[in-house]
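Following: one structure in structure tokens, then a few remarks.
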Ligand SMILES: *[C@@H]1O[C@H](CO)[C@@H](O)[C@H](O)[C@H]1NC(C)=O
Ligand SMILES: *[C@@H]1O[C@H](CO)[C@@H](O)[C@H](O)[C@H]1NC(C)=O
């Protein structure tokens with residue numbers, strides 16, 4: 001365990017485990033998540049001198065330190081109030097930053113070029129996360145925040161807020177908790193009680209569609225309006241003082257295609273045929289998964305099985321999967337079964353669990369089974385469980 005940081009996804013998973021649990025059901029709005037994020041003083045590596053020794057030896061061994069590691073270590077030094085080290089790492093990170101007009105972020109050198117299965121303008125999870133760590137490191141200056149740190153922070157915030165999804169989160173639970181903590185700290189660091197008022201006017205052609213007023217009483221409130229004619233031409237005008245964040249979101253359905261997805265996924269109901277009365281009520285869902293992407297193997301991967309209407313998973317059969325070598329954890333909710341896998345390689349892994357009918361539903365629709373890389377959510381595969389033992393004979 002000398003060089004924990006080499007295997008960055010797992011150390012990072014450990015570090016943030018408590019975040020993960022405290023925000024495990026990602027709520028729908030920014031405000032409610034923000035309240036659940038614990039204060040940074042709970043991150044323990046910043047206080048541990050042994051950890052610093054290890055970090056240093058990792059640095060010299062590894063030579064060129066990964067941007068992700070640097071960002072994480074810069075924040076750890078910031079929390080430990082090692083101002084010189086924080087400064088040195090931030091200066092070095094600055095040289096590797098991707099600087100666009102008015103915004104700054106960080107990318108991984110060995111950036112995964114995921115094939116575009118669908119339009120996906122958002123940054124990969126790992127980049128949101130490391131950029132957030134740099135932001136946290138900038139905002140944790142000691143003894144006081146410098147003007148230079150605040151200026152750097154504001155450029156990072158501009159990039160980060162563009163990656164936020166319409167529900168206030170990012171790609172995964174992990175990048176969401178780190179990014180929201182960083183954005184919340186920025187909010188707290190720049191807060192002023194000055195009674196600023198801004199109005200945002202939304203127009204389509206010449207017609208005013210909506211007008212929002214933002215003041216002290218509703219500055220944390222998310223205000224929304226639906227844009228009925230799509231496609232259409234819309235524009236916004238902002239007047240007043242302060243900083244207002246506007247976002248548009250367009251939702252549409254995509255046709256699921258196995259195609260060149262980096263995961264191979266096979267899903268079947270077992271038995272395949274309607275053998276007797278019991279298969280009406282209970283059968284197994286069997287899944288084969290392997291990784292076929294460009295890397296030797298995936299990171300931690302999640303298989304998400306959405307239940308068929310009227311069917312519920314037999315909890316004991318899901319729990320039993322925890323005995324299999326790659327399964328780290330299982331979760332059962334009302335209509336999903338989640339399997340957390342250590343990693344998926346080109347060797348096929350097989351899983352199966354039992355479902356039983358709770359209420360009879362006619363003309364069942366196929367159930368969606370998805371697998372995705374937890375740290376590279378752009379890499380995923382999906383399959384529909386379209387036929388089940390008695391699918392053609394159910395109901396009167
Ligand atoms: C999984 O793979 C095995 C071996 O190739 C095969 O027998 C089985 O039917 C597969 N299961 C599914 C759900 O496709
Ligand atoms: C899986 O990958 C390893 C190397 O990573 C390779 O040696 C092996 O042939 C591959 N197996 C299959 C079934 O593709």
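Side notes on the structure shown:
- With contacts taken as Cα pairs under 8 Å at a separation of at least 6 residues, segment 263-385 carries a relative contact order of 35 percent.
- Length gained on full extension, residue 188 to residue 245: 18.9 nm, using 0.36 nm per residue less the C-alpha separation.
- Computed with the Debye formula from one identical point scatterer per Cα of segment 198-240, without solvent, the log10 of I(q)/I(0) at q = 0.20, 0.25, 0.32 Å⁻¹ comes to -0.66, -0.91, -1.19.
- Cβ-derived FRET efficiency at R0 56 Å, residue 211 paired with residue 288, nearest 0.05: 0.55
- Distance histogram for segment 136-250 (every C-alpha pair counted, 5 angstrom bins, percent rounded to whole numbers): 2, 9, 18, 18, 20, 16, 10, 5, 2, 1, 0
- Simple spin-label estimate for residue 96 and residue 274 in nanometres, 7 Å along Cα-Cβ: 6.0 nm
- Ranked packing of 363-374, 187-198, 138-149, most packed first, by mean Cβ within 10 Å: 363-374, 138-149, 187-198
- Centre separation in Å (Cα based) which lies between segment 202-249 and segment 76-98: 38 Å
No value in this document is a laboratory result; all are computed from the given coordinates. All values derive from a computational prediction rather than experimental measurement. FYI the Cβ positions are ideal-geometry reconstructions off the backbone, even for glycines, and counts take in every protein chain you see.
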